[in-house]
Protein chains: 4
Amino acid sequence: MRHAIDPAAVEARLREDQAGTIKAVLVVQVDTSSGVVNDIAAIRRAMDAAGHGALLMADVVGSLATMPFEMNEWRVDVAVAGSQKGLMTPPGLSFVAAGDRAVAAHQNAGLRTRYWDWTARDSQIHYQQYCGTPPEHMLFGLRRALELLFEEGLDNAFRRHRLLADAVRCAVGVWSQRGALEFNIVAPTARANSVTTILLNDGRDPASLLKYCDEKTGVVLGRGINELTGKAFRIAHMGHLNAPMILGTLGAVEMALVALDFPGASGGVQAAIASLARSAPATP
Amino acid sequence: MRHAIDPAAVEARLREDQAGTIKAVLVVQVDTSSGVVNDIAAIRRAMDAAGHGALLMADVVGSLATMPFEMNEWRVDVAVAGSQKGLMTPPGLSFVAAGDRAVAAHQNAGLRTRYWDWTARDSQIHYQQYCGTPPEHMLFGLRRALELLFEEGLDNAFRRHRLLADAVRCAVGVWSQRGALEFNIVAPTARANSVTTILLNDGRDPASLLKYCDEKTGVVLGRGINELTGKAFRIAHMGHLNAPMILGTLGAVEMALVALDFPGASGGVQAAIASLARSAPATP
Amino acid sequence: MRHAIDPAAVEARLREDQAGTIKAVLVVQVDTSSGVVNDIAAIRRAMDAAGHGALLMADVVGSLATMPFEMNEWRVDVAVAGSQKGLMTPPGLSFVAAGDRAVAAHQNAGLRTRYWDWTARDSQIHYQQYCGTPPEHMLFGLRRALELLFEEGLDNAFRRHRLLADAVRCAVGVWSQRGALEFNIVAPTARANSVTTILLNDGRDPASLLKYCDEKTGVVLGRGINELTGKAFRIAHMGHLNAPMILGTLGAVEMALVALDFPGASGGVQAAIASLARSAPATP
Amino acid sequence: MRHAIDPAAVEARLREDQAGTIKAVLVVQVDTSSGVVNDIAAIRRAMDAAGHGALLMADVVGSLATMPFEMNEWRVDVAVAGSQKGLMTPPGLSFVAAGDRAVAAHQNAGLRTRYWDWTARDSQIHYQQYCGTPPEHMLFGLRRALELLFEEGLDNAFRRHRLLADAVRCAVGVWSQRGALEFNIVAPTARANSVTTILLNDGRDPASLLKYCDEKTGVVLGRGINELTGKAFRIAHMGHLNAPMILGTLGAVEMALVALDFPGASGGVQAAIASLARSAPATP
C-alpha cells in the first residue's frame, strides 16, 4: 500500500451498495506498516455524500495522541486504540469507544461472542463479578502517561510529533535524492507523523542496514512487514520522544548508509537539524 | 588552562628542589573543566629523570574506565577516583588507592585528621565498629556498573570512549572553521576522551546556547567553570554512552548554533557521522 | 460453595449421560472465592471409572505454582492459568495449555471465534503477522518470576505454600473456637493452600473488619464475593510470601478482631507462630 | 551502657569545671547500639543550672523524625543527623545544623581541617566552585522521603513510632518474664522509640537466634555491637514502618525463641497485638 484511502472511491463504492449490504466502513488512521495517514474527516464526508447508513469505525492505535482525532465531530461510531504507541505505556491494553449508533447496532447484532459482548461488559455489577482481575499495573502506567500528555497539552504533543516527523522526512528526502531509497508513501500529505516507512531500491536488502544499526549503534529499527517484508525499514517517531532522540536515531541510520556505501548517504541528518532549528527558533 | 602539564617543566622544577621540600607531585589525568588529558606516564618518567623522591599522586575521577590508567606500571603512589563519571554510578562514592611508598609516608605523616586517617580506616575491626553506616545502595549500584564494564571489557570501553570522543572532535572541528568556536585545549593530543571544552569567540556568551539546548531540546550541557565561566561550554562523553546518544547531543548543539546564527554552524554532525561510520565499518 | 467437588457425583453424572451430550468436565483446582481445592486426580479417576469420553479441563489460575498440578499424569486436556497469583507477576497475562485430545477436538469445533481460534494462533507466521503487539514488559516480568520460582525449586515453593497456609489455618482455627468465625470450606482437606475464606457468624458484617485492617494497619483483605458478599473475608497466602509477611497479616486481622470485640479473638497468631516454629525447627 | 545520661551528673561535672576547660557537652539523643534515649531538654536544664558556658551538641542520627527534637527551645548549639534512619532514605547523607553560638565559636576555632571547615562550606560561590559533585540522587530520595513525612505530619510520625515501640516492648516484656531475655536499658522511660536492644541471659549466644531469623524467615536482626557483641540483639522500629511489619518481625523472633527452646518464649506477639489494638481502637 503506497497511497492513502481515496474518499471518492469510498463514496463510489457506497453508492453502488443500493441494498445496504455494507454494514460498516473500517479505516485505520495511521497504518504503522505502510506509514500512511488516512483522512477520516474526508471519508466521513464521502459517506455523507453517498447517503449511506454504514457505521464508520476507526483504528487509531497508531495515531492517538500523535495527531488530532475528533470522534464526535467526524461522527466516528467506533474507535479502537492501544496503550503502546502515542499513549507511551507498555503494550497490553486496548480500548474501544462506541457512539450511540454503534451501541444501537449492537443491540441487534447477531454475532456476539461472550468475551467481546459489550452488553456483558457495560455494567458495573457484571464487571466486578465476572470480569476477572484487571491489569492494574498497566492502568497505573497509563494514568501516569496520560498525566504527562495533559501536562504537555495535546496540541503541543501534536505539534511535537509533526516537527519531529518533518525532521525525519527531511533526512529521508536527502537520502532519497540519488535513488537508493524512497518514501513508501508517495504523496507527502499522506505520510504519517508517527512512523515513516522507507523502501530500498535496486534490490537492496534492508537486513544489513538493520543489522548494522542494531549491532554497531544499539538502534533497533522496524522491519518491513506484510508485503514489504525484505524491502523496507521503518523509523518510528511517536510517543515519548524529543529532538536529540530523533537526531540520534537518524544519525545511526546515516552511519549505516555511509558504512554500507549507499549512494547519496550523507546530508540527511544535516537537513533534519536545519528543519528542527527552523521550527524551534531561538527566543530573542 | 589550555595545555597539558609539560613533563619537562616538572622535571626542571624537581631538579631545582635540591632540599627536597616538594613532597608530592599531584596531577589530574583528565581535568573536566578544561578538557585536558595529562600524560601521567611521561610525568613519571620526568620525575625519574630528575631523581627526585616525591610521591606521585593522581586524580583519575574524570578518566577512570574511559582510558588506560596503569597505577603499578607508572608507579603512581596515590590515586583518587569517584563513582559518577566513567564508573557510571550516581555521585556519592569516592575511592583512594595507595601504594607501598604512600603507606610508608603515611606512617610518619604529621598532619593526620581523624576522618581521613588511613590507619583508622585500614582495619576490619575499626571499620565495623566506628565507621558508621556505609552507603550500601551506592555500593550495590557500583557493583552492577562494574559488572557492565567487565562484560564490555575495559579495552572495549576505552575504544568506545575514544571513538565517540573522535566524533565529538570532528563536529567541533567543523564548527570551528569560521572562528566562532574553538577547542579550549590547543594540542589535539591533549584533548580528553571523556569531555570536550569549547570556547566561544567574539565575546559570545554561551548562556543563550545552553538555554536553547535545555529549553528546546532537553539537552543540558556543562557550563564553563572557574576561569572559563561565561566563556565556554562542555560536552561530556563519558560513561554509559553510545553513538546515537552522542549524535543526538551533537545534533542538539548544532540546532542551537544554527538557530543562534553562529557562522559555520552546519556540517559538524555530518562529520561526526562520517567519523563513526569509518570507525565502525560494516562487517562484510 | 462450602465443599469440594465430589468425584463420585461426577462419576454418577457421567454414567447417566449415555448419549454423550457432555463434551467436557470443567474444574477449578483452587477457587479463590470459596477457598476450596478440588482433587483433579480423583476427578480424572471418576471420569475413567465412568468410561466417559468427555474432555477434562482445569482452571489453575489460583493454584499453579502453589501446589502440584500434573497435566500429563492426570490427563488434563486443557489447562488455563494467569500471571497474577502463584506466578507472582502483575495481572495481564493468561495461558492455555492443550493436550492432543483437545487439539483434535478443536479441529472439528463448530463454535470458533476469531480471537480465540487456536488454529490461527498456532503458527509462527500467523503470530508474527497478525497477532499484534505482544505485552512484552509483562513477559519480561514473568520470565524473572519463573527464574525466582525455579531457583527456589517447585517442591520448595509447594512446601512453603503449605506451611504458610497451615499457619493461617491454625490462626483461624483458634479464632473460630467461640463461634464468631468459621472456615467457609468445611472439610480441612478441601482448604486451599493459596487462599482461606472465612465466614462471619451471628450476622456480623465483614465491612468493619476490612475497614479496620485497611485504615489502621494498611492491610487490604479480600472481600467475600458472589454468594459470600457481605458474609466473608479472605486471606490470600500465595505467591511471593514468607513467614513474617503472613504473621504480619494475621497480626493485623487479630488486631481488628480484638478491637472489634469478637469473642475469642486472641491466640490465633500465637498458634500460627507455634505451627511455623514446628515446621521450621532450628538446625542443631 | 544500660542507663540514660543522668542530668544531675552532668550538672555536677560542669560545676567542678571552674576553669572552663569543658568546651562542649556532646549527647546522643538515641544511641542505636544500646537502645537508650537521653533527655536533651533535661541536660540543657542541668547545664543552665550549673551556669556553665559549654556548647550543647546533639547526635540525632537515630532519633530525628521518630520523636521530638527541639533545637531552638532546648538551645542545642550543634546537631548532626543522617539520612538512613527516621528519614527513610538510603545511607549516604549526613547533616549538621549549627546555631549562632556554635558559628561564633567556629570563628575562633584552632583546629579546622579543610574538608570540615564551615567557613569554606558556608558560601554559595565556594560551594559551586570547589565542593565537587553533590550526591544528587540521594538528595532526590531525601526530598521524596521528607514529602512523605510532611504528608503524614511529624506529630503523627512521632505517635506511630511510639505505638509501634510500645508493641515491641510489650512483646519483649512477655519474653523476659522467665528470665531468658531482658531489656538492655533498665528504666522503661529510657527505652528509645526507634530501636530496642535485648540482652540474652544464662550465657546464651544470640548467633543462633539471628541465624534462625535470617535463614528461616528472611528477617535480619541487628547484632549487639561494641560491649554487647555476642550478648544482645536489636529490633529496629524506625522509619517507614507499620503495624504488620512490626508484628511480622516480632513473629519471626518469637518463632526463633520457640524453635530454640527459650523458656517463656510464647505470648509476646499476642501482647504486642493487644497493645496495638488498644492504641488503635475501632472507630465506632
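Side notes on the structure shown:
- Where C:Ala145 falls short, out of the listed (1) closer than 30 Å to C:Met1 by Cα; (2) within 14 Å of chain A (Cβ to nearest Cβ); (3) out of contact with any helix residue (DSSP H, G or I) (no Cβ under 9 Å at 6 or more places or on another chain): (1)
- Looking across the range A:106-136, just one residue is farther than 22 Å from C:Trp116 by Cα and either of a type in the set (Ser, Thr, Tyr) or modelled with pLDDT of 95 or more (or both), and that is A:Ser123.
- Residue in the range C:78-88 that is open to solvent by less than 80 Å² (accessible area, probe 1.4 Å), assigned to a loop (DSSP other than H, G, I, E, B), more than 30 Å from C:Ala192 (Cα to Cα) and not polar (S, T, N, Q) present: no
- Conditions (1) in contact (Cβ under 8 Å) with a residue 12 or more places away in the chain; (2) surrounded by fewer than 22 Cβ atoms within 10 Å (Cβ to Cβ); (3) in contact with an Asp or Glu (Cβ under 8 Å, 6 or more places away or on another chain); number of the one not met by D:Ile273: (2)
- Residue match in the range D:211-224 (condition: in contact with a strand residue (DSSP E or B) (Cβ under 7 Å, 6 or more places away or on another chain) and assigned to a helix (DSSP H, G or I)): no
- So D:Arg75, is it among the charged types (D, E, K, R), in a loop (DSSP other than H, G, I, E, B) and within 14 Å of chain B (Cβ to nearest Cβ): no
- The range B:89-103, subset outside any helix (DSSP H, G or I) and not hydrophobic (A, V, I, L, M, F, W, C), residue most open to solvent (accessible area, probe 1.4 Å): B:Ser94
- Pick from the range C:6-32, criterion buried (at least 21 other Cβ atoms within 10 Å of the Cβ) and assigned to a loop (DSSP other than H, G, I, E, B), ranking: farthest from the chain's Cα centre (by Cα): C:Gln29
- Single residue of C:Glu151, C:Glu136 found to be open to solvent by 60 Å² or more (accessible area, probe 1.4 Å) and within 11 Å of another protein chain (Cβ to nearest Cβ): C:Glu136
- Matching residues, the range D:257-284, being in contact with a Gly (Cβ under 9 Å, 6 or more places away or on another chain) and either facing another protein chain (nearest Cβ under 7 Å) or assigned to a helix (DSSP H, G or I) (or both): D:Leu257, D:Gly268, D:Val269, D:Gln270, D:Ala271, D:Ala272, D:Ile273, D:Leu276
- Residue match in the range B:115-126 (condition: loosely packed, with under 12 Cβ neighbours inside 10 Å, in a helix (DSSP H, G or I), within 13 Å of chain D (Cβ to nearest Cβ) and not basic (Lys, Arg)): yes
- Single unsatisfied condition, C:His240 versus (1) over 23 Å from the mean Cα position of the chain (by Cα); (2) more than 8 Å from chain D (Cβ to nearest Cβ); (3) closer than 22 Å to D:Val219 by Cα: (1)
- Test: residue in the range A:66-74 that is within 24 Å of A:Val30 (Cα to Cα), open to solvent by 50 Å² or more (accessible area, probe 1.4 Å) and of a type in the set (S, T, N, Q): yes
- The residues of the range C:196-217 that are within 14 Å of chain D (Cβ to nearest Cβ), touching a residue at least 24 places away in the same chain (Cβ under 8 Å) and within 24 Å of the chain's Cα centre (by Cα), listed by number, are C:Pro206, C:Leu209, C:Cys213.
- Tabulated pairs, the range B:7-26, first more than 19 Å from B:Ala79 (Cα to Cα), second surrounded by 13 or more Cβ atoms within 10 Å (Cβ to Cβ) and of a type in the set (A, V, I, L, M), C-beta under 6 angstrom, 6+ apart or interchain: B:Glu11/B:Ala46; B:Glu11/B:Ala49; B:Glu11/B:Ala50; B:Leu14/B:Ala50; B:Arg15/B:Ala50
- Of the residues making up the range D:85-113, those that are free of Cβ contacts under 8 Å to residues at least 12 places away in the same chain and within 13 Å of chain B (Cβ to nearest Cβ) are D:Pro91, D:Leu111, D:Arg112, D:Thr113.
- Of all residues in the range C:218-230 being open to solvent by less than 30 Å² (accessible area, probe 1.4 Å) and farther than 20 Å from D:Pro244 by Cα, the one that is nearest to the chain's Cα centre (by Cα): C:Gly224
- If you go through the range D:231-256 and keep only what is surrounded by fewer than 22 Cβ atoms within 10 Å (Cβ to Cβ) and in a helix (DSSP H, G or I), you end up with just D:Met245.
- When C:Leu221 is tested against (1) within 11 Å of chain D (Cβ to nearest Cβ); (2) free of Cβ contacts under 8 Å to residues at least 60 places away in the same chain; (3) in contact with a Cys (Cβ under 7 Å, 6 or more places away or on another chain), just one condition goes unmet, and that condition is (1).
- If you go through the range A:145-178 and pick out every residue that is in contact (Cβ under 8 Å) with a residue 24 or more places away in the chain and in a helix (DSSP H, G or I), you end up with 23.
- Residue check, D:Thr21 of a type in the set (Val, Ile, Thr) and farther than 23 Å from D:Phe95 by Cβ: yes
For every residue, the table says whether it meets (1) surrounded by 23 or more Cβ atoms within 10 Å (Cβ to Cβ); (2) in contact with a strand residue (DSSP E or B) (Cβ under 6 Å, 6 or more places away or on another chain); (3) charged (D, E, K, R).
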{"position": "D:Gln177", "(1), (2), (3)": "no, no, no"}
{"position": "D:Ala180", "(1), (2), (3)": "no, no, no"}
{"position": "D:Asn193", "(1), (2), (3)": "yes, yes, no"}
{"position": "D:Arg204", "(1), (2), (3)": "no, no, yes"}
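Yes/no per residue for (1) at pLDDT 95 or above; (2) assigned to a helix (DSSP H, G or I); (3) open to solvent by less than 50 Å² (accessible area, probe 1.4 Å):
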| site | (1), (2), (3) |
| --- | --- |
| B:Arg2 | yes, no, no |
| B:Ser34 | yes, no, yes |
| B:Ile43 | yes, yes, yes |
| B:Ala46 | yes, yes, yes |
| B:Leu56 | yes, no, yes |
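- Hits in the range A:1-56 (condition: among the basic types (Lys, Arg) and over 18 Å from A:Ala105 (Cβ atoms)): A:Arg2, A:Arg13, A:Arg15, A:Arg45
The values are calculated or read from the model by the stated rules, or taken from the named source; none is laboratory data. What you see is a predicted model, and the numbers here were worked out from it, not measured in a lab. Virtual Cβ from ideal backbone geometry, glycine too; neighbours counted across all protein chains shown. Protein only, heavy atoms only, side chains kept; ligands, DNA and RNA dropped before computing areas. Shrake-Rupley method; radii C 1.70, N 1.55, O 1.52, S 1.80 Å.
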